[in-house]
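Just below is one structure, and these are the notes that go with it.
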Amino acid sequence: MNGVSLQFFVHESRRVHGVPIYRWLLETAESLGLHGGTAFKSIASFGRHGVLHEEHFFELAGDVPIMVTFLVGDEEAEKLLARIRTEGLPLFYVRQPAEFGVVNGHET
């Protein structure tokens, strides 16, 4: 199947409507009918401000980036981006063409 890989990069501590934004993205995507998404926590990174963020063993709530990724059709990607625009959230994202499917399996 052809579609897009839609990825968002957010800080772990950032919240919207009282919940972590990575969780809000996953829950919102599910409510819009997207079929799946995953959040990956980084161990270290830096961004446009040049600040290095690292997770340390003794930190309970760090501020490392989390990548939330979806493999979806173009229409699904547009629905999610439109919802984010409606909320007025300034989120960095990457959208790129993707081919995805199941090898030797059955879709459920």
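The values are calculated or read from the model by the stated rules, or taken from the named source; none is laboratory data. A quick note: this is a predicted structure, and the numbers were derived from the prediction, not measured. Please note: Cβ atoms are built from the backbone with ideal geometry, for glycine as well, and neighbour counts cover all protein chains shown.
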- Message: Among the numbered criteria (1) surrounded by fewer than 13 Cβ atoms within 10 Å (Cβ to Cβ); (2) in contact with a Pro (Cβ under 9 Å, 6 or more places away or on another chain), which one does G36 miss?
- Response: (2)
- Residue hits (the range 1-25; modelled with pLDDT of 95 or more and crowded, with 19+ Cβ neighbours inside 10 Å) are V4, L6, F8, I21, Y22, W24, L25
- Task: Read through the list (1) within 17 Å of the chain's Cα centre (by Cα); (2) modelled with pLDDT of 85 or more, then give the number of the only condition that N104 fails.
- Result: (1)
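Return a yes/no flag: does the range 44-52 have any residue that is at pLDDT below 90 and surrounded by 12 or more Cβ atoms within 10 Å (Cβ to Cβ). Reasoning before the result, please.
Initially, the range 44-52 is screened for residues at pLDDT below 90, giving 44-52.
Of the ones still in play, those that are also surrounded by 12 or more Cβ atoms within 10 Å (Cβ to Cβ) are 45, 47.
Checked against the condition, which is being at pLDDT below 90 and surrounded by 12 or more Cβ atoms within 10 Å (Cβ to Cβ), the range 44-52 yields at least one hit.
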- Note on the structure: So, first residue within 14 Å of T69 (Cα to Cα) in the range 84-103, second residue of a type in the set (G, A, S) and surrounded by 12 or more Cβ atoms within 10 Å (Cβ to Cβ), Cβ within less than 7 Å, six or more apart or across chains; the pairs are R95/A77; Q96/S5; A98/G3; A98/S5; F100/G3
